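Please read the structure below before turning to the comments.
The values are calculated or read from the model by the stated rules, or taken from the named source; none is laboratory data. All figures in this text were calculated on a predicted structure; none of them were measured in a lab. Please note: Cβ atoms are built from the backbone with ideal geometry, for glycine as well, and neighbour counts cover all protein chains shown.
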Amino acid sequence: MAAVRARRLVLLLTLPVALLWVVHLLSQQYGTALPPQVLRLADARLLPGSAVDPRAVPGAVSGPIDAEAGSHHLPVQIHESEAPGPLWFAIDFQMPRAAEQPHWLVIQHRPAASIYLDGQLLAHSSMGRGFTAEDEDDFAQRGLLLAGRRMQVSIPPALLGAGDHRLSVRLVRPGFEGAGLSAALLGPAPQMRALQEGRRFWQVLRVTTALGGVAIGLFMVLVWLALRQEWLYGVTGLFCICLALLLSPYLLNGALLPAPWWRVVLDVADVLSKGLLLFLVARLNGYQWRWVLQVVVAYLGLAVVIDSTAAVLGWSWTNFATFWPWWALGSRCLILLLAVVIAAKAALESRAAAPLVGALAVTLSTWVWLYVSYFALVASQQLSVVDINVVGHAVLIAMAGVALQRRFVGSLRDQALARVVLERALEARTRELQARWQELQDSERQRTAAEERERLLQEMHDGLGSQLVTARLSAERGVPSETLVEVLDDCIREMRLTVDALAVTDGDLTLLLANLRHRMGPRLAAGGLTLDWQLADVPLVPVLRGTGGRELIRIVQEGLSNVIHHAHATRVRFATRVDDDGGGVTLLITDNGLGLSEQRREGHGLRGMRRRAERISARIEWRAPSDSTEGPGTELAVWLPLR
């Protein structure tokens, strides 16, 4: 582990410095500083007049310019309401000696423009055809030229003699896009070519970095807005947007806000980027140090106030006679160095590659910032440097993108793993439930079989068994054969009645009662009872399915037995009816006997009837009949549920 730490420490100390040296050489190769031979023409005067020919505009060709002409420092932005007509700009410059080689003139404009040198047309931009006065009103061809156009003109040496010269630039009438003109660059072709290549290289790098920062930052902020618990996404997104905002001055033609508010926005974005970098480095490396958060909050609170005040008052970054540059550079330096220390500590304590790569990125970004800040602000005369902070910003935005990608991929892997674990757990739980269900099924079958055996034994004992015992006693006593045959016939009828009840398993109440009538008809007739059959059409009764029909038959049997032995009745009526709400069916067994006794006791038979009714969720009730005309009578009501 000590050897690994030593190698990582050497890597952290040497690789960022080596990369900075490479970036420095690259910046010298693709520099953006103006060579001495290149002139930057930034002072222009807005001339009165709207003619196409520069000779018709006072001061556009040569000679003194009207004192009333407006002086402007390029770049300039003019709205349509400020200048309803075409615009003429005069830019004076001096050649110390005659040109010996072709020169390039580079200028950015909006909308179409014509450029004259000492009254001679050099070039004009148009919308696909030669420039005419009609182009001024052809807005359909102009399009939305918000970004402007870049014109590069080659000027022969014969037109650039020693002495004073005047560039005249005519912009067509501003439309909804307004008008704009940048400072002109004029210099020998080789130096201008190298300058343009350098500017193009750094511009592409800045545009790519800014767009990447905005895209990644907005995505992270949107993730945070959708998932508020993922607040770290929101902090990282704000950090990336701040870095992209710091590159905006190189990408925009002008300030988005009037002075000094645009500088306030940029300075606050710079402060936020430094503070959030320290916070993210500590947080992403797993450090929960409370003092880091306190340092970040204190720095942001203090720096935002001081830097905003400096921006509003216009304090200069290079005036080291005041405390402002010392504070601005010193506070940022301390925050960045603290972030480097924390990142390096995490890289040295871990064997993973991610902390090491993050520490290298933070260290390189800090070295780049120190390099640019020192040579551009503190020792600006010692070395001409390019603002290569874009390299540090690009590295940090790339790290944020990599972190986002790693977290996103990790989230997908966690989801896939969780899905696999859940599927396995579900399969195991399913097998367990199936095993338990099988055990319950086996137990239920055993319990049902045991209950059924008990019921059959009870039926055989109470019904057929008791009658066989009676037959045996009768045979032992030597009763006449006719009587013995009658007893045996009762046994056979009891057995057949049980078989019939078990045979009807679909809950057909009418069929059950019809079988009962067929089997018990002779016995009822022998007892002097007449059957009055008034059964109505009723639906199938679910509780009578299976062995439920046998329970009902035993209830009816016991009720008829009570009628035969105790009621002294001559007629029994069977009737059925369905409840008005369709919730149940009621079976009514009504006799014309003696009626209910006031001192009636509930014996073993009646209690058995109630127990059988409870098994099939039925209700039984004894009451006086409502339409009895032949005697008091008794009515047995058996209610059976249909649901």
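Of the candidates LEU257, LEU243, the single residue that is under 22 Å from ARG110 (Cα atoms) and not assigned by TED's automatic domain parsing to the domain that holds HIS109 is LEU257.
If I ask for residues that are among the small types (Gly, Ala, Ser) and either over 30 Å from GLY546 (Cα atoms) or at pLDDT 85 or above (or both), which ones from the stretch 410-449 would you list?
Hits for the stretch 410-449 are GLY410, SER411, ALA416, ALA418, ALA425, ALA428, ALA435.
Identify all residues within the stretch 149-207 that are part of a strand (DSSP E or B), of a type in the set (D, E, K, R) and crowded, with 17+ Cβ neighbours inside 10 Å; write none if there are none. The answer is ARG166, ARG170.
Taking the conditions exactly as written (in a loop (DSSP other than H, G, I, E, B) and in the same structural domain as ALA354 (by TED's automatic domain parsing)), does ALA282 satisfy them or not? The answer is no for ALA282.
When the stretch 616-636 is filtered for residues that are modelled with pLDDT of 85 or more, on the phi < 0 side of the Ramachandran plot and either acidic (Asp, Glu) or surrounded by fewer than 17 Cβ atoms within 10 Å (Cβ to Cβ) (or both), the ones remaining, listed by number, are ARG619, GLU621, TRP622, ARG623, ALA624, GLU635. Within the stretch 519-550, the set of residues being surrounded by 14 or more Cβ atoms within 10 Å (Cβ to Cβ) and either in contact with a Pro (Cβ under 7 Å, 6 or more places away or on another chain) or among the small types (Gly, Ala, Ser) (or both) comprises GLY527, VAL543, GLY546, GLY548, GLY549. Put simply, of GLY593, GLY559, GLY583 the only residue that is modelled with pLDDT of 85 or more, assigned by TED's automatic domain parsing to the domain that holds GLY546 and under 19 Å from ALA536 (Cα atoms) is GLY583. ASN592 fulfils the conditions (1) buried (at least 19 other Cβ atoms within 10 Å of the Cβ); (2) polar (S, T, N, Q); (3) closer than 30 Å to GLU451 by Cα except for a single criterion, (3).
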